[in-house]
1. Within the range 51-59, is there a residue that is within 24 Å of ALA81 (Cα to Cα) and modelled with pLDDT of 90 or more?
2. Since ILE87 meets every condition but one in (1) open to solvent by 70 Å² or more (accessible area, probe 1.4 Å); (2) among the β-branched types (Val, Ile, Thr); (3) within 16 Å of THR18 (Cβ to Cβ), which condition does it not meet?
3. Look through the range 36-83, keep the residues that are assigned to a loop (DSSP other than H, G, I, E, B) and open to solvent by less than 70 Å² (accessible area, probe 1.4 Å), and return whichever of them is nearest to ALA22 (Cα to Cα).
Amino acid sequence: MKIATVLTALAAAASGYTILDAENFSTAIMDGYWLVKYYSPVCPWSRKFAPVWEKVYSDLEDKLAENDVFFAEVDCKANRAVCDAAIIDGYPTVVFYNQGVNKGEVPGGQSYEALTAFAQSI
């Protein structure tokens, strides 16, 4: 892996929100707790969910970063292999990772209330 890719992933992780792809996925999610949105830009459900996801992140970003909880997203149209490895079978899907280990989908993962409650419980 290129040094620049690693540095980019680390810098993005420090900001609390990361765009993940095949090059940075494995490295980025190894530390901390991650809520990862898998989506397709051509999926109407993904487009409808985007403002909910953005609001959860913007409302909680400062509080969660203190606890090593990070938000990320994967464009499954552009990064099919990443989504296949995570066994994503529909969009959008929010998955919880703990120190790089896939702990499964967030329960009720498409509502603001469910996502906020789950993120705050980490």
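1. yes
2. It fails just one condition, (3).
3. Residue satisfying both the conditions and the ranking: ASN79.
The values are calculated or read from the model by the stated rules, or taken from the named source; none is laboratory data. Keep in mind the model is a prediction, meaning the values are calculated, not measured. Using ideal geometry, Cβ is built from the backbone for each residue, glycine included, and neighbour counts are taken over all protein chains shown. All accessible areas refer to the heavy atoms of the entire protein, side chains included, with ligands and DNA or RNA removed. Shrake-Rupley method; radii C 1.70, N 1.55, O 1.52, S 1.80 Å.
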